[in-house]
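The next block holds one structure in the form of structure tokens; read it before the comments.
The values are calculated or read from the model by the stated rules, or taken from the named source; none is laboratory data. Being a predicted model, the structure only gives us computed values, none of them experimental. FYI the Cβ positions are ideal-geometry reconstructions off the backbone, even for glycines, and counts take in every protein chain you see.
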Amino acid sequence: MSSSDEQRSIPDVDRLARSMLLLHGALDHDEPAGRHADRRGSRSTAPPGDPRRAAALREATQRDRDRYLTTGLQPVVCRFCHVSVLVKKLGPEHTSVQWNSDATQRCAYFAKVRQSGGQTARSKSCPKLDDSIEHAIAEGILERVSTAPSPGDG
């Protein structure tokens, strides 16, 4: 699989969010007002004629997206190939790693996987990065278990 095929297989967060909103009807403006009211009676979407409310909703959605994608993540640099990724330890055996395009392309382990015809998306992890994460914990750069608050719903 080429790198362009891999990039196409990575879900686009904005497209995913729009599809979820469409699934739940939040973007369906043809429905009568109040159809999407929550238990308190407030609307989950801005009325079509209220640009200030629509702008506030977009801003709140962006803040939520940023919070869900970045809460508690710390940059860790691989000591072997010097790529930088974002990491959050969720527990002793659970680590969240957010790779970026540059890191995925420059990682020496992933390069070997691609050269052998494998798919990096199917690789559990880079062993050299795992070592670097353990080193970051030992150096106090990364918490063994993150104390960052959960993004939650509020």
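Restricting segment 105-124 to residues that are touching a residue at least 40 places away in the same chain (Cβ under 8 Å) and closer than 29 Å to ARG67 by Cβ, which is nearest to the chain's Cα centre (by Cα)? The extreme case among them is ALA121.
Checking segment 40-57 against the condition returns no match, with no residue being assigned to a strand (DSSP E or B), at pLDDT 90 or above and touching a strand residue (DSSP E or B) at 6+ places or on another chain (Cβ under 9 Å). Checking each residue in segment 119-134 for being at pLDDT 90 or above and either of a type in the set (Gly, Ala, Ser) or within 19 Å of HIS94 (Cβ to Cβ) (or both) picks out CYS126, PRO127, LEU129, ASP130, ASP131, SER132, ILE133, GLU134. Look at (1) in a helix (DSSP H, G or I); (2) out of contact with any helix residue (DSSP H, G or I) (no Cβ under 8 Å at 6 or more places or on another chain) and you find that ARG114 fails only one, number (2). Per the listing SER132, SER96, the residue uniquely of a type in the set (Gly, Ala, Ser) and assigned to a strand (DSSP E or B) is SER96.
Collect the residues in segment 124-144 that are of a type in the set (S, T, N, Q) and surrounded by 15 or more Cβ atoms within 10 Å (Cβ to Cβ), keeping them in residue-number order. Residue satisfying the conditions is SER132 alone.
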